[in-house]
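The values are calculated or read from the model by the stated rules, or taken from the named source; none is laboratory data. Bear in mind that the values here come from a model prediction, so they are computed numbers and not experimental data. As a convention, Cβ positions derive from the backbone with ideal geometry for all residues, glycine included, and neighbour counts pool all protein chains shown. Quick note on the areas: whole protein, heavy atoms, side chains included, nothing else; ligands and nucleic acids left out. Shrake-Rupley method; radii C 1.70, N 1.55, O 1.52, S 1.80 Å.
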Amino acid sequence: MELKVIDAKGQISGSLAVSDVLFAREYNEALVHQLVNAFLANARSGSRSQKTRAEVKHSTKKPWRQKGTGRARSGMTSSPLWRKGGRAFPNKSDENFTQKVNRKMYRAGMATILSQLARDERLFAIDALNANTPKTKEFAEQVKNLGLEQVLFVTKQLDENVYLASRNLPNVLVLEAQQVDPYSLLRYKKVIMTKDAVAQLEEQWV
C-alpha cells in the first residue's frame, strides 16, 4: 500500500510505503459505528441529575379531599403526574455510560477507518510538522498554504510551538499518534500524518 505524501504547498511530492494491514483493510460500517458510539459514550461525564418525588420541593398536605370533588384523587403535589412534580425514573449523576471494546475490535476498527480515509483521499503523509514560533497567525498561514480548511494533524511527538499555535484554530486539531481516536479521524475532512507518526501507528496496531 502506498500513501501519498504532500509538501508544504499541499502538492503531491511522492509516496510512502505503508502496511496493508493498517491502511488497506476492508470497510466494516458496523464495527466503525460501534467503535465511535463506544468512544462518545465513554467520554460522557455523567453529570446530569433529576429529582425524585421525595427530593422536589412540595407540601405533604393533601391537595383536596378524597371524594366528592369530581376530580381524580391526589395525595401530594410531588406526584410525577403533576407539573413540577418529581420524576418517576430520574437520571442520576452516578449513572455509568461506559461501553467495553475489546482490543482486537479497537485495532480492527481503527485500521478500517484509516483504510477508508486513504481510499477516499482524505489521508496524506507529510515529512514533518513544525512551527518556528507559537504564533497562531503564522501557523494558520501554513495551513492555508497546504490548501486545507478542516484538518487533523497527527505527529509522533507534539511540539510546544505547534501546540500553542494551533490550539486557537477552531477547524484544526493536532494530536500525538498515541492519542488518535476514531471520532477525530472521522470528524475532520482531511487527516495529515507525519512519517514518524505513521511508523508509530504501525508499531502500535500491526
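Of all the criteria given as (1) part of a loop (DSSP other than H, G, I, E, B); (2) open to solvent by less than 80 Å² (accessible area, probe 1.4 Å); (3) touching a residue at least 60 places away in the same chain (Cβ under 8 Å), the one not satisfied by GLU121 is (2). Within the stretch 165-185, the residues that satisfy the criterion of being part of a helix (DSSP H, G or I) and either among the small types (Gly, Ala, Ser) or at pLDDT below 95 (or both) are ALA165, SER166, ALA177, GLN178, GLN179, SER184. Restricting attention to the stretch 1-42, the residues that are part of a strand (DSSP E or B), open to solvent by 70 Å² or more (accessible area, probe 1.4 Å) and out of contact with any Ser or Thr (no Cβ under 8 Å at 6 or more places or on another chain) total 4.
Matching residues to (1) open to solvent by 90 Å² or more (accessible area, probe 1.4 Å); (2) of a type outside the set (S, T, N, Q):
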residue: GLU138; (1), (2): yes, yes
residue: VAL151; (1), (2): no, yes
residue: GLN157; (1), (2): yes, no
residue: GLU160; (1), (2): yes, yes
residue: SER184; (1), (2): no, no
residue: LYS190; (1), (2): no, yes
residue: GLU203; (1), (2): yes, yes
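Name every residue in the stretch 52-76 that is surrounded by 11 or more Cβ atoms within 10 Å (Cβ to Cβ) and touching a Gly at 6+ places or on another chain (Cβ under 9 Å), in order of residue number. Matches in the stretch 52-76: THR52, ARG53, GLU55, VAL56, HIS58, LYS62, PRO63, MET76.
Could you say whether any residue in the stretch 89-105 is assigned to a strand (DSSP E or B), under 24 Å from ALA199 (Cα atoms) and basic (Lys, Arg)? Within the stretch 89-105 (the criterion being assigned to a strand (DSSP E or B), under 24 Å from ALA199 (Cα atoms) and basic (Lys, Arg)), the answer is no, since none of the residues qualifies. One residue alone among SER45, SER49 is modelled with pLDDT under 95, open to solvent by 50 Å² or more (accessible area, probe 1.4 Å), touching a Lys or Arg at 6+ places or on another chain (Cβ under 7 Å) and part of a loop (DSSP other than H, G, I, E, B), and that residue is SER49.
Only one of the numbered conditions (1) open to solvent by 50 Å² or more (accessible area, probe 1.4 Å); (2) among the polar types (S, T, N, Q); (3) assigned by the TED database to the domain that holds LEU16 is violated by SER115, and that is (1).
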